[in-house]
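Undergrad: Sharing a structure, written as C-alpha cells. Questions coming.
Laboratory data are not the source of any read-out in this text; all were calculated from the coordinates shown. All values derive from a computational prediction rather than experimental measurement. Here the Cβ positions follow ideal geometry from the backbone for every residue, glycine too, while neighbour counts run over all protein chains shown.
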Amino acid sequence: MTREASVAPPVAAKASALSGAAAGVASAVLGAGVGELVAAMVAPSSSPFSVVGGVLIDRAPSWAKDAAISLFGTADKLALLVGIAIVLLAAAAGVGVLELRRPWSGAAVFAALGAVVAVLAMTRAGASGLAWLPSLAAGLVAATALRLLAGLARRTTDAPSPASAAGDGVDHAPGDEHPSRRRFLVWAGASAAAGVLAAIAGTALQAGSRSIDAVRRALRLPAPAVAAPPVPAGAQLDLVGMTHVVTPNASFYRIDTALVVPQIDPADWSLRIHGLVEREVEIGWDELLALPLEESWTTLACVSNPVGGDLIGNAKWLGYPIRLLLERARPTAEADMVLSRSIDGFTASTPLEVLQEDTRDAILAIGMNDEPLPPEHGFPVRMVVPGLYGYVSATKWVTELEVTRFDRADAYWTTRGWSAKGPIKLQSRIDLPRRGHGFAPGDTTIAGVAWHQHVGIAKVEVQIDDGPWREASLAPAISDDTWVQWSIPWKAEAGSHAIRCRATNTKGELQIETDAWPAPDGATGWQQLNVEVA
Ligand SMILES: Nc1nc2c(c(=O)[nH]1)N[C@H]1C(S)=C(S)[C@@H](COP(=O)(O)O)O[C@H]1N2
Ligand SMILES: [Mo]
C-alpha cells in the first residue's frame, strides 16, 4: 500500500479502489472486444478468447476434461468461455487498482498479457501469419485505455481541493456527482460499451463471412456406388419418447477440442498419406468425390461416455474406404498404426490392421445422413471406423494420415492418460422410462439401446429390484456396426423400483458388471435406473 492510500480516509481508499477496479474492467472489456473484432478481420481462429480457451483445453488434465463433460455435457465449451471471461474480469479489476496505486504498472500487465497470448496464438496448430495481431492489439488497447481511465480516476480523487494532493475523501463519497467523477464514469462506460460493440461486430462479421457455410449448402453429394441397406422395419421401436435409431444430425453429440469450428473450403482441402509408406499419396476434394463412394451405418461412441450416458449416436455415413487409399500408399512391414491429424492439430492413433480389414467400413466420410458433414462434425472430411471409440478413430477435419508405429508416436489423448487403443466396449442403456419422469402403476414398457460395434448384440436382459433377469425382445439391428433397440413389458406396482439391464454380444460374452470410470479406455458396469411409481 502506498503512503497516500494509508493516510487517506477509508472512504476515499474505498472509492479509489472502486474506480480502479472499474477502470480495469472497462479497459479489459474494450481490449477484449477489439481483439475479437481484429481477429474476425485478420485471423478468425486466433481471437484472444479462442487462443486462451484452446490452450486451456490442450493443457487441462484429463480429469478436468471429464469433469467439464459430466458437468456441462456438450455445453462444456460455453462454460469454459464464460469461466475465462469471469477470471479475466476479476483479474482486470485487480489490475485497475494496481494502476491507480502505481501508474504504468497495470498498463504494463495488460500489455504483457496481450504479448503472451499473442505468442501462444502463434504456437497453435493451423495458426495464420497474423495470428499474433488480435491479442497484441487487445493488450495494447487495454493498456492505453487503462492509462487514460486511471488518469481520469485519479483526478476524481484529487479534486476538488487542489491543495490536498493526497486524496480528499469524505466530500467525494461514491455517487457524488462531481464533474470529474462524472467524466470518469462516462469514459469508463463508453469504453466498456465500445468493447461490447466491437465484440458484437466481430461476431457478426465472422458469421457473415462464413462463406464455407454457403459452399456447404450448395454442395450436392454424389450418389453412392454402394448404397447402405435400408433401416429394417421395426428397428425403430414405436414408443412415445423412444430414442431415434438414426440420430438426426442436429442432435448428434459433439465432442472435440476445437473451441472455434475449423472452417475448411473443400476446394482447399487435401489429405496427405505419408510416413512408413512406399509411396506418398495426396488426394484432393474433387478426386475424392469422383471415387466410387460407399454408404454405411455406424454408431459412433465417445470413450468419455459414462454408463447410461448419451455421448453416442448413429448415422448413415457416405465415404471412401481408407483401406483402398492405404493400398495406394503401400505401408511398409514395420508399420502398425495410422496417426490421423486434423487441421487444428488433434491426432488419433488407429491400428493399421483395423483400417486394412476389408470387412470393416473404415471410411473417409464426406456425408452424414444424406447431407454433407455438418461443420461441427468434421466438414468437409472426417474418419469413421466402426468398433473404435471416437478418440482413436473418428478424426474430424482430417488432413493427414501418417503411417507409423505405436512405439514411435502418441496421439492427442494418449499423452493425456488415455489408452493408445480404444475398442468400444459392450454396453446397454435404459431409455424408457425416462430418467426423472414419474409414472402411474400399471402396464408399461421398459426400453433402451445396446451396442457392441462390429461384434453385434445377441441378448439384453432386464432385472427389476431383486427379481430374476428376464430377456428383453431385440428389435432388428441395422447392422452389427450399429446399436440396437430392446424392450420388455412391465406391470409396474406403486413404490420405488430399481431397473437394471445388461447385454450379451454375438460371441456370447456378457457385459462387464464391475463399475469403472471412462478413463483410460471406456466405462463398464450395468446401468441401474431408480424410478418412483405412484
Ligand atoms: N479434429 C478432431 N476430431 C475429433 C475429435 C477432436 O477433438 N478433434 N474428438 C474425437 C472424439 S473424442 C469423438 S468421441 C468424436 C466425436 O465425433 P462427433 O463430434 O461428430 O460426435 O470425434 C473425434 N474426432
Ligand atoms: Mo470422445
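Undergrad: How big is the dipole moment of the chain about its Cα centre under a simple scheme where the beta carbon of each Lys and Arg is +1, that of each Asp and Glu is -1, and everything else is neutral? Debye, nearest 20, please.
TA: On the way: 43 positive and 53 negative charges, 350 e Å.
Roughly 1680 debye for the chain.
Undergrad: So, counting K/R as plus one and D/E as minus one, what does the shell of residues with Cβ under 15 Å around Thr347 add up to? Before the final figure, lay out each step's value.
TA: Working: positive: Arg124, Arg272, Arg341, Arg382, Lys396, Arg405, Arg408, Arg416, Lys421; negative: Asp58, Asp256, Asp344, Glu400, Glu402, Asp410.
With Lys, Arg at +1 and Asp, Glu at -1, the net is +3.
Undergrad: How big is the range 229-277 along each principal axis, measuring the range of its Cα positions in Å and listing the largest first?
TA: 48, 30, 23
Undergrad: Mind jotting down the three principal axis lengths of the range 44-127 based on Cα atoms? Whole angstrom, largest first.
TA: Here the Cα extents, ordered largest to smallest, are 44, 29, 22 Å.
Undergrad: Determine ³J(HN,Hα), in whole Hz, for all residues of the range 246-260 in sequence, where each value follows from phi through the Karplus function 6.51 cos²θ - 1.76 cosθ + 1.60 and θ = phi - 60°; x replaces Gly and Pro.
TA: Listing the rounded values in order: 10, 6, x, 3, 5, 10, 5, 4, 10, 9, 6, 8, 8, 6, 10 Hz.
Undergrad: While we're looking at this one, here's another question. In the neighborhood of Thr247, defined by Cβ-to-Cβ distances under 11 Å, what is the net charge if each Lys or Arg adds +1 and each Asp or Glu adds -1? Each step should come with its number before you reach the end.
TA: Numbers: positive: Lys316; negative: Asp310.
After counting each charged neighbour, the total is 0.
Undergrad: Pairwise over distinct Cα atoms, reciprocal of the mean inverse distance: report the Kirkwood radius of the range 199-269 in Å, one decimal place. The partial results should precede the final answer.
TA: Details: mean 1/r = 0.0603 Å⁻¹.
By the Kirkwood definition, the hydrodynamic radius is 16.6 Å.
Undergrad: Still on this structure, please answer the following. Once the Cα atoms of helix 62-72 and of the chain are each reduced to a long axis, what angle between those two axes, in degrees from 0 to 90 to the nearest 10, is obtained?
TA: On a 0 to 90 degree scale, this one is about 90.
Undergrad: Report the number of Lys pairs in the chain whose alpha-carbons are under 30 Å apart, with separation of 8 or more residues or on distinct chains.
TA: 22
Undergrad: Work out the charge dipole of the chain with +1 on the Cβ of Lys and Arg and -1 on the Cβ of Asp and Glu about the Cα centre, then indicate which of Ala26, Ser46, Pro61 is farthest towards its positive end.
TA: Farthest towards the positive end: Ala26.
Undergrad: Same structure, new question: P(r) for the range 431-534: what percent of alpha-carbon pairs falls in each 10 Å bin, starting at zero?
TA: 14, 44, 31, 9, 0
Undergrad: Let me know the Rg and Dmax you get for the range 390-453 when you use only its Cα atoms, in Å.
TA: Just the Cα atoms of the range 390-453 yield Rg and Dmax of 19.7, 60 Å.
Undergrad: Same structure again: With a cap of 13 neighbouring Cβ atoms within 10 Å, and only residues DSSP puts in a loop, list the GluC sites (Glu not before Pro) found in the range 459-534.
TA: On the way: sites: Glu461, Glu471, Glu493, Glu509, Glu513, Glu532; in loops: Glu493, Glu509, Glu513.
Here the sparse-neighbourhood loop sites are Glu493, Glu509, Glu513.
Undergrad: Let me ask something else. List the residues, sorted by chain then number, that are 5 or more residues from Val277 or on another chain and whose placed amide H is less than 5 Å from its amide H.
TA: Thr332
Undergrad: Note the direction-averaged projected area, equal to a quarter of the hull surface, for the Cα convex hull of the range 249-416, in nm². Mind dumping the intermediate values first?
TA: Working: hull surface 38.1 nm².
The orientation-averaged projected area of the Cα hull of the range 249-416 comes to 9.5 nm².
Undergrad: Which of Val196, Val277, Val403 comes first, and how do the rest follow, when ranked by fewest Cβ neighbours within 10 Å?
TA: Ranked by crowding around the Cβ, least crowded first: Val196, Val277, Val403.
Undergrad: For the range 492-501, what does the Karplus curve 6.51 cos²θ - 1.76 cosθ + 1.60, with θ = phi - 60°, yield as ³J(HN,Hα) per residue in whole Hz, taken in order and with x for Gly and Pro?
TA: 7, 9, 4, x, 8, 9, 10, 10, 10, 9
Undergrad: Counting only C-alpha contacts under 8 Å and six or more residues apart, can you give the relative contact order of the range 249-416 as a whole percent? Write out the running numbers ahead of the final one.
TA: Values: 360 pairs, mean separation 47.5, N = 168.
Dividing the mean separation by the residue count of the range 249-416 yields 28 percent.
Undergrad: For the range 143-152, in order, what is each residue's ³J(HN,Hα) by Karplus, 6.51 cos²θ - 1.76 cosθ + 1.60 with θ = phi - 60°, in whole Hz (x at glycine and Pro)?
TA: 5, 4, 4, 5, 4, 5, 5, 5, x, 5
Undergrad: Sort Lys77, Lys14, Lys507 by Cβ crowding within 10 Å, fewest neighbours at the top.
TA: Details: Lys77 19, Lys14 14, Lys507 10.
By the 10 Å Cβ count, ascending, the order reads Lys507, Lys14, Lys77.
Undergrad: Follow-up question, since we're still on this one. Sorted from largest down, what three extents in whole angstroms do the Cα atoms of the range 414-490 have along their principal axes?
TA: 51, 28, 22
Undergrad: Which is farthest toward the positive dipole end of the chain among Gly390, Thr247, Val82, measuring Cα position about the Cα centre, with Cβ charges +1 (Lys, Arg) and -1 (Asp, Glu)?
TA: Checking the options against the dipole of the chain, the answer is Val82.
Undergrad: A further question on this structure: Once amide H atoms are built 1.01 Å from N in the peptide plane, which residues 5 or more positions from Val303, or in another chain, come under 5 Å H to H?
TA: Residues meeting the amide H criterion: Gly390, Tyr391.
Undergrad: Taking H as built 1.01 Å from N, whose amide H comes closer than 5 Å to the amide H of Thr298, not counting residues under 5 places away?
TA: Sorted by chain and number, the residues that satisfy this are Ala315, Trp317.
Undergrad: I've got another one for you. Calculate for the chain the 222 nm mean residue ellipticity that helices alone would give, adding -39,500 (n - 2.57) per DSSP H run of length 4 or more and normalising by residue count, nearest 500 deg cm²/dmol. Could you put the intermediate results ahead of the total?
TA: Values: 12 runs with 189 residues, N = 534.
Per the formula, -11500 deg cm²/dmol.
Undergrad: Provide the net charge surrounding Ala227, with neighbours chosen by a C-beta distance below 12 Å and charges set as Lys +1, Arg +1, Asp -1, Glu -1. It would help to have the intermediate numbers written out before the result.
TA: Details: positive: Lys316; negative: Glu294, Glu295, Asp370.
Charge balance near Ala227 sits at -2.
Undergrad: Please report the equivalent ellipsoid semi-axes of the chain, computed as sqrt(5 x eigenvalue) of the Cα gyration tensor, largest first, in whole Å. List each step's numbers first, then the result.
TA: On the way: eigenvalues 561, 196, 75 Å².
For the chain, the ellipsoid semi-axes come out as 53, 31, 19 Å.
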